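Q: Below is a structure I'd like to ask you about.
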Amino acid sequence: MESVIKLAKILVTSAWPYINVTPHLGNLVGSILSADIAARYYRLRGNEVLLVSGSDEHGTPIEVEAIKQGISPKELTDNNHAYVSELFRKWNISYDNYTRTESFVHKKFVQRLLMKIFENGYIFSKEIKMLYCNKDQRFLPDRFIEGTCPNCDYEKARGDQCDQCGKLLEPTNLIDPYCVLCKSSPIIKTTKHWFIDLSKLSNKLKTYLSENNNLPANAKNFSLNWIKEGLKPRAVTRDISWGIPAPFAGAENKTIYVWFEAVLGYISATIEYYKNIKEPEKWREFWFNKNAKTLYFVGKDNIPFHTIILPALLLASGEDYNLPWNVSATEFLQFKGEKASKSQRVGIWIDEALEMFPVDWWRFYLAATRPETKDSNFSWELFIDKINSDLNDTFGNFIHRTLKFINAKFDNKIPSPSNLSKNDNQLLAKIAESVEKLSLDFENFKFQSAANSLIGLSRIGNQYLNENEPWNLIKNEKRKAGNIFYVASQIVKAIAITSMPIMPNISQQICQILNLSQNKKSLCWEDALTPLDANHQINKSKPLFKKIDSNEKELENKLIMIRNRLS
Ligand SMILES: [Zn+2]
Ligand SMILES: [Zn+2]
């Protein structure tokens, strides 16, 4: 992949979470946490980074849920957006703008861009047949309708999908369909809708995909196949009231389909950010300047929305927007071998997780088990192992024993090196090698490998201490012991900086103990290899982690208690 270190402005984005429920850990790891790790890394490398996303709040699942709760959809999403925004802050997701699809800037932008696409001749209208409830006097798209699945006979299949067999459905496929609001049988009624003719964009999309060498092969091939099979027109409008009003003449009571507007939120969120800081033109530098890059973190089911739909909209506008530079997709995080499901109570939600353990423990665990090449499975057994053996016994132990020794035996000062041995110098070279490997891991979005490399570097440090036994040398050969702790402290410094993208709080704690913030200048990636000076004064070391002493069963019970309290 093309390296962009220091060269470019990078817009990092995470897919917009649909805000009918709180995200679970699987939603978090692929898009939100991954985007944050990348954004933090690029900032450390001196890139100009903007991290944006927002709550996706329109559409039928939210409207149906609000009707069930007897509140307005806006009330529902106001509450959920506030709750989830606060959770992302607690997860230390460093968004520059986490906004929402109800934002005024977003609505105006979407309407304007759609009109432009319409004027450019990519949108046409046609009459279609839809299910309609006479009693409620409304059309019944997807979630407003239930009935028997034609595939598996499940009696409560939804208009868009059967929850039992997973098959995607059209409302008119259902056997014995009924309105979810009043349970009466719908009639079929004709309605006019607006469609985007994606096939007109096939050639341009094919060129974009073929020429983009950064896209991962799976995303690229999957998308090229989609085009080969022939792109079909997609409805842009819907007969529901909760959404952005369609801007076309004759479409006054219709709203814009959510799949269409949420992906445009990446642009409107950038516009809104710069509007808020009173630099209203600066967003253009991220979207039109060809040296700027846009980077998207999504789950694998979301790939075509970012490799086909979003580029199609941008191309159809004729406004020369930057097309996605890279789309990084993860596989799924499963729980006990199954997909997370709120109704089945399978999974862990991001609010529950933080009630159990500190945020960096989770960030590390999720990075270290990130489903990069295949689905991964959450288990408490693995969680306990990662925290106790990797973070506590290896990472935390190495740092604490090194710094505590410097506190006690060297009067809180980094010892001066004198006549370093061959072995000491080899270790210093090893640090440089490890930092280089870490930068490649981060740049290639191999966060699993990055997390493991951090543990690997601390393991090397521990081995070095064990082999040289400086606690024995200190009695008769203080100079040699000093050399060992000089070298060990350089490893600690490298870890302090390079752990920042994955564990920002822990990194900050180590930097604080190392007394690195004294010159007020913010730290950068290169500082990982700038040695601590001899006689540099450090602060008192404290243990960074503690062991989990509960077993899997006890943690599962604790989770259930927390879940009952939160719901
Ligand atoms: Zn079914
Ligand atoms: Zn009805």
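Just so you know, all these numbers are worked out from the coordinates, no wet-lab data involved. Keep in mind that what you see is a predicted model, and the values were worked out from it rather than measured. Positions of Cβ are generated from backbone atoms using ideal geometry, with glycine treated the same way; all protein chains shown enter the neighbour counts.
Q: Tell me which aspartates and glutamates have Cα within less than 20 Å of LYS475's Cα, excluding those fewer than 8 residues away on the same chain?
A: By straight Cα distance, LYS475 reaches ASP411, ASP424, GLU467.
Q: Arrange the peptides 447-460, 469-482, 262-275 so that the one whose residues have, on average, the most other Cβ atoms within 10 Å appears first.
A: Averaged packing, sorted descending, gives the order 262-275, 447-460, 469-482.
Q: Next up: Would you calculate the separation in nanometres between label points at LYS542 and SER3, each defined as 7 Å from the Cα along the Cα-to-beta-carbon direction?
A: 3.8
Q: If you don't mind, there's one more thing I want to ask. Compare the Cα positions of GLN137, ALA262, ALA432 along the charge dipole of the chain (+1 at Cβ of Lys, Arg; -1 at Cβ of Asp, Glu; about the Cα centre) and return the one farthest towards the positive end.
A: In the chain, that residue is ALA432.
Q: Still on this structure: Counting only helical runs of four or more DSSP H residues, what would the 222 nm mean residue ellipticity of the chain come to if each run contributes -39,500 (n - 2.57) and the total is spread over all its residues?
A: Result for the chain: -13000 deg cm²/dmol, rounded to the nearest 500.
Q: Note down the magnitude of the dipole of the chain about its Cα centre, charges +1 on Lys and Arg C-beta and -1 on Asp and Glu C-beta and zero elsewhere, to the nearest 20 debye.
A: Dipole of the chain, to the nearest 20 debye: 900 debye.
Q: To continue, here is another question. Compute all pairwise cysteine Cβ distances in the chain, then list the cysteines with no distance under 4.7 Å to another cysteine.
A: When partners are defined as cysteine Cβ atoms under 4.7 Å apart, the chain leaves CYS182, CYS511, CYS524 without one.
Q: Can you tell me the Rg and the Dmax, both Å, for the Cα atoms in segment 336-433?
A: Answer for segment 336-433, Rg first and Dmax second: 20.0, 65 Å.
Q: Name the residue farthest towards the positive end of the dipole of the chain from the options ALA15, ASN535, LEU44, assuming +1 on Cβ of Lys and Arg, -1 on Cβ of Asp and Glu, about the Cα centre.
A: ASN535
Q: Still on this structure, please answer the following. Need one number: % antiparallel among DSSP beta bridges in the chain, to the nearest 5.
A: Of all bridge pairs located within the chain, approximately 55 percent are antiparallel.
Q: Nearest 10 degrees is fine. How inclined is helix 359-368 to the longest principal axis of the chain, computing both from alpha carbons?
A: Once rounded, the angle reads 80 degrees.
Q: Okay, next question. Quick check: pseudo-label points 7 Å beyond the Cα along Cα→Cβ at ARG565 and ARG138, how many nm apart are they?
A: 3.8
Q: Calculate the length of the line joining the C-alpha centroid of segment 476-498 to that of segment 1-48, in whole Å.
A: If you average the Cα positions of each part, the centres end up 34 Å apart.
Q: Right, here's the next one. Is there a quick way to get the dipole size of segment 359-529? I mean about its Cα centre, with the Cβ of Lys and Arg at +1 and of Asp and Glu at -1; what is the value in debye to the nearest 20?
A: That gives a dipole near 640 debye.
Q: Just going by the charge dipole of segment 359-529, with Lys and Arg at +1 and Asp and Glu at -1 on Cβ, which of ASN392, SER453, CYS511 is farthest out on the positive end?
A: In segment 359-529, that residue is CYS511.
Q: How high is the relative contact order of the chain, given as a whole-number percent (alpha carbon pairs under 8 Å, six or more residues apart)?
A: Numbers: 957 pairs, mean separation 88.2, N = 567.
RCO, the chain: 16 percent.
Q: Could you give the alpha-carbon Rg of segment 359-529 over 2.2 N^0.38 Å, rounded to two decimals? Could you put the intermediate results ahead of the total?
A: Working: Rg = 16.5 Å, N = 171, 2.2 N^0.38 = 15.5 Å.
Here the Cα radius of gyration is 1.06 times the empirical estimate.
Q: Given H placed 1.01 Å from N in the peptide plane, which residues other than close sequence neighbours of ILE145 have an amide H under 5 Å from its amide H?
A: GLY159, VAL180
Q: With a Förster radius of 41 Å, plug the Cβ-Cβ distance of SER416 and ASN505 into 1/(1 + (r/R0)^6) and report the FRET value to the nearest 0.05.
A: 0.80
Q: Once you have the Cα-Cα distance between ARG112 and GLU355, take 0.36 nm times their residue separation minus that, and quote the gain in nm to one decimal.
A: Gain on stretching ARG112 to GLU355: 83.2 nm.
Q: Calculate, for THR530 and ILE460, the FRET efficiency according to 1/(1 + (r/R0)^6) with r their C-beta to C-beta distance and R0 22 Å; round to the nearest 0.05.
A: For R0 = 22 Å, the calculated efficiency reads 0.70.
Q: Over what distance in Å are the Cα centres of segment 267-304 and segment 168-223 separated?
A: 25
Q: Quick check: the angle from helix 478-498's long axis to the longest principal axis of the chain, C-alpha only, nearest 10 degrees?
A: Long axis of 478-498 versus the principal axis of the chain: about 10 degrees.
Q: Please work out the FRET efficiency for the pair ASN253 and ASP78, using the Cβ-Cβ distance as r and a Förster radius of 22 Å; give the result to the nearest 0.05.
A: 0.40
Q: Shifting gears a bit: Quick check: residue separation of LYS409 and GLU155 times 0.36 nm, minus the Cα distance between them. What number comes out in nm?
A: Extending this stretch completely gives an extra 84.1 nm.
Q: Further question on the same structure: Measure nothing fancy, just the Cα-based angle from helix 104-119's long axis to the longest principal axis of the chain, in degrees from 0 to 90, nearest 10.
A: Once rounded, one gets 60 degrees.
Q: A follow-up question, please. Quick one: of LYS68/LYS156; LYS422/LYS446; LYS9/LYS108; LYS200/LYS275; LYS446/LYS547; LYS206/LYS290, which pairs are farther than 23 Å apart, Cα to Cα?
A: LYS422/LYS446; LYS9/LYS108; LYS200/LYS275; LYS446/LYS547
Q: When the dipole is taken about the Cα centre of segment 197-301, and only Lys, Arg (+1) and Asp, Glu (-1) are charged at their Cβ, what size is it in debye, to the nearest 20?
A: Around 320 debye, computed over segment 197-301.
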